[in-house]
Amino acid sequence: MPNMQPRRGISFAGHYILLVGIPFLILLATLHAGGSLHAPPPAPAPPQSIPRTGGPMPNLALLLGQIALIVAGARIMGRLFRRLHQPQVVGEMLSGILLGPSLLGWALPGLSSTLFPPESLGFLNSISLVGLILFMFRVGLELDPRLLREVGHSVFITSHMSIIVPFVLGALLSFGLYPVLSDSSVPFTGFALFMGAAMSVTAFPVLSRILAEKNLLHTRMGAAALACAAVDDVTAWSILAAIALLLRAPTVNMPLWATLGGSLLFVCGMLFVVRPLFKRLWERFDGGLSNDLIAAVLVFAHISALLTEWLGIHALFGAFLAGTVMPKETSFVRTMTNKLDDVTVVILLPLFFAFTGLRTSLDFHGAQTFNA
């Protein structure tokens, strides 16, 4: 028995080196080998129009009609896919594809441009993102950290392996795509890293929706899958921040060291300061959950999402982490989820997944040039 712990440590380190270290070495060799590739010269930039300060006010009648149409279509397609024993979220995304340029825009372009003019989609997207933030807070609220204690090492290895393997495959794919889709203004290293990051990002909201729909959030497997996706999400956004910094993109407003250090400090503060504080506050309120307290909790969730968005990770991770540090008493979790489900899951969340399909075009004619 005394020798069990050292063996377990050695086994964990060996598995990590085998599953993560070797693919990482392949990635380094790929980036080095691709340095000799050449891409065509960049095309002349189109003339830039003078940006306007502020945007047009949304057409309320059009916005309400879009919401009604998308929610109705998402519910119909979602119910159809549930009858086929498939996740409802797949039907919601398919309804967006049917309403987007792939079908409606192809069959009835005039009607499509009337129902979904490009200038109106920004407002629809903003509303859908608010619903997604609330849903990710709800997912974190239902996640029981005790389920992760037995699978901590598995989560660590699985999350890193699920990033590095598709990252390497995406980088290898760049050997064929770089001369075709890029130009000489973008180095091969930046192109390969972007392709790897694009291939390794986890669909965190989609996975969360499927686990919640199948009632798997309270199982050890569901908690482990969600934890892996959360680690993947943070890592992927950190990688994208590093790529943007490497390519010196003008949109970078936070250095990489600030993103990584600030994110680590934020997570530690939430787990070791905010979480015990909320637990004591909940005991002080004797289990009561008034409307004022619910409003305070939702304000905290949005502030947490705002901080992670400012750090360069993503607002969704902040909302999810805010939910994980909430008290896990049954009465608190049940009351909060009941309050959020009626509007978030039924109306706002389908808007996001349908909007994802709405901006997807299945027209594969022509290729777009990659620009950093």
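Take the alpha carbon gyration tensor of segment 101-234, find the square roots of its eigenvalues, order them as a ≥ b ≥ c, and report rounded if a/c is under 1.5; if not, report prolate when a/b exceeds b/c, else oblate.
Details: a/c = 2.78, a/b = 1.18, b/c = 2.34.
It comes out oblate by the Cα gyration axes.
Report the label-to-label distance for LEU265 and LEU121 in nanometres (one decimal), using points 7 Å from each Cα along the Cα→Cβ vector.
The answer from the label model is 3.8 nm.
Can you return the lysines within cross-link range of LYS279? Criterion is Cα-Cα under 17 Å, with same-chain partners fewer than 8 residues away left out.
LYS328
With a cap of 15 neighbouring Cβ atoms within 10 Å, and only residues DSSP puts in a loop, list the trypsin sites (Lys or Arg not before Pro) found in segment 195-227.
On the way: sites: ARG209, LYS214, ARG220; in loops: LYS214.
Answer in residue order: LYS214.
Could I have the simple spin-label model distance between ALA13 and MET221, label points 7 Å from Cα toward Cβ, reported in nm to one decimal?
3.3 nm
Would you work out the charge dipole size for segment 84-230 about its Cα centre, treating the Cβ of every Lys and Arg as +1 and the Cβ of every Asp and Glu as -1, and quote it to the nearest 20 debye? Each step should come with its number before you reach the end.
On the way: 6 positive and 7 negative charges, 74 e Å.
The dipole magnitude comes to about 360 debye.
Quick one: order ASP183, ASP292 from most to least accessible surface, probe 1.4 Å.
Values: ASP183 5, ASP292 125 Å².
So, going from the largest accessible area down, we get ASP292, ASP183.
Place a point 7 Å from Cα of GLU283 in the direction of its Cβ. Which residues in segment 312-340 have their backbone N less than 14 Å from it?
Within reach of a label on GLU283, which here means backbone N under 14 Å from a point 7 Å along Cα→Cβ, segment 312-340 contributes 327-329.
Can you compute the modelled spin-label distance between SER361 and ILE76, with each label point 7 Å from Cα toward Cβ, in nm?
2.6 nm
The values are calculated or read from the model by the stated rules, or taken from the named source; none is laboratory data. As the structure is a prediction and not an experimental result, all values here were calculated from the model. Using ideal geometry, Cβ is built from the backbone for each residue, glycine included, and neighbour counts are taken over all protein chains shown. These area figures cover heavy atoms from the full protein model, side chains too; ligands, DNA and RNA do not enter into them. Shrake-Rupley method; radii C 1.70, N 1.55, O 1.52, S 1.80 Å.
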